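Right, one structure below, let's go through it.
The values are calculated or read from the model by the stated rules, or taken from the named source; none is laboratory data. Not measured: the values here are computed from a predicted model. Cβ coordinates were reconstructed from backbone atoms using ideal geometry, including for glycine residues, and neighbour counts include every protein chain displayed.
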Amino acid sequence: MGSPEGPGAERRRWPWWAVPALFGAALGVAAAGVAIALSGGPAPVPVEAGEFGRGGELVWEPGERPAPPVELRDLEGRSISLESLPAGPLVLAFLNSRCTDICPIEGRQLAELSTLPGSERPTVVAVSVNPRETPASVRRAAEAWGWQQLRWTWLLGSKAELTATWRTFNVYVRPSGEPGQVEHTAAMYLLDAERDVRAAYVAPIPMARLLGDLEVLHGE
């Protein structure tokens, strides 16, 4: 990825521990309904076509950041890990099916991935940030957000199970004062076929960057 000096400059590299510092302000985004900035980071800069990390998002090299383990249940109650999902890139998001704020915006943006050719379409993995949501509430949200043609799975669990996953991905979650609402980090990760984390984004999703990064992954 290009640095502020231009496409030929040295690639910016971010340590894994920088993610919570950059995304920490996301707490309260569900209540506030605002986008999150990468505080302190450089502004997006033009980069050469075909370069991974178009626009200044957090990016990592292959093998640099293996995804933390995930072991939760899908809507049918089956145990799911990242390795058990279909081969190819994964888009990992943290969502609340009962949300009435930023999650529906992010969900409708993710629906745009269904316009990609089947061979280039990633699997969307949604990890619940609300232990009280149900398969029924998830299916209602997925239908409302236009996920009918999307390749997706939604992972549920107990509060303890979900909390362990939130922590490994530096996602902060806390109850909201409104029924059904949860304040949480609006972070999303792009994983390659080897289940390495390659990029991180904040909502609302920069779709042009995500689509560009997916294009590069398919070309690697």
Could you list, ordered by first residue, the pairs with Cβ atoms under 6 Å in which the first is in the range 124-144 and touching a residue at least 60 places away in the same chain (Cβ under 8 Å) and the second is among the aromatic types (Phe, Trp, Tyr) and in a helix (DSSP H, G or I), at least 6 apart or interchain?
none
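Here's the yes/no breakdown for (1) under 20 Å from GLY77 (Cα atoms); (2) touching a strand residue (DSSP E or B) at 6+ places or on another chain (Cβ under 8 Å); (3) of a type in the set (Ser, Thr, Tyr):
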residue	(1), (2), (3)
ALA136	yes, no, no
SER158	yes, no, yes
THR168	no, no, yes
ALA193	no, no, no
ILE205	no, yes, no
GLY212	no, no, no
GLY219	no, no, no
Report, by residue number, each residue of the range 67-80 that is at pLDDT below 95 and more than 15 Å from the chain's Cα centre (by Cα).
PRO69, GLU71
Enumerate the pairs (first residue in the range 58-82 and farther than 23 Å from ALA160 by Cβ; second residue anywhere and part of a strand (DSSP E or B) and β-branched (Val, Ile, Thr)) with beta-carbon separation below 7 Å, excluding pairs fewer than 6 apart on the same chain, so at least 6 apart or on different chains.
TRP60/VAL197; ARG65/VAL197
Being touching a Gly at 6+ places or on another chain (Cβ under 6 Å), crowded, with 17+ Cβ neighbours inside 10 Å and in contact (Cβ under 8 Å) with a residue 12 or more places away in the chain is the requirement here; does ASP101 meet it?
yes
Test each condition in (1) in contact (Cβ under 8 Å) with a residue 60 or more places away in the chain; (2) touching a Phe, Trp or Tyr at 6+ places or on another chain (Cβ under 7 Å) for GLY88 and report the one that comes out false.
(2)
For the range 172-195, name all the residues that are in contact with a Leu (Cβ under 9 Å, 6 or more places away or on another chain) and more than 22 Å from LEU110 (Cα to Cα).
ARG174
The range 162-181, subset of a type outside the set (A, V, I, L, M) and within 18 Å of the chain's Cα centre (by Cα), residue farthest from VAL70 (Cα to Cα):
TYR172
What about ASN130, is it touching a helix residue (DSSP H, G or I) at 6+ places or on another chain (Cβ under 6 Å) and in a loop (DSSP other than H, G, I, E, B)?
no
